[in-house]
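Just so it is clear, none of the values below were taken in a lab; they were calculated from the coordinates. Since this is a predicted model, take the numbers as computed values, not measurements. Heads up, the Cβs are rebuilt from the backbone with ideal geometry, glycines too, and the neighbour counts pull from every protein chain shown.
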Amino acid sequence: MDTEIHKNTDDARAGSTPHVVRYVLTISLVLAVLAMVVVLLWGIAQS
């Protein structure tokens, strides 16, 4: 009983793969960079 089962990636996933994670990571990265710029500018303005 050594039969191998070969499936392509779509069949193995058995579902759709929306690109929501890509958008969340992109938005989070942009917000983090903006927050760092604000902190940097605030520090420059204080000195």
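When you count, for each residue, the other Cβ atoms within 10 Å and take the mean per peptide, how do 4-10, 28-34 rank with the highest first?
Ranked by mean Cβ neighbours within 10 Å, highest first: 28-34, 4-10.
From the gyration tensor of the Cα coordinates in the chain, what semi-axes in whole Å does the equivalent ellipsoid have, largest first, with each one equal to sqrt(5λ)?
Over the Cα atoms of the chain, the ellipsoid semi-axes are 49, 11, 5 Å.
Could you give the angle, 0 to 90 degrees to the nearest 10, between helix 20-46's Cα long axis and the longest principal axis of the Cα atoms of the chain?
20 degrees
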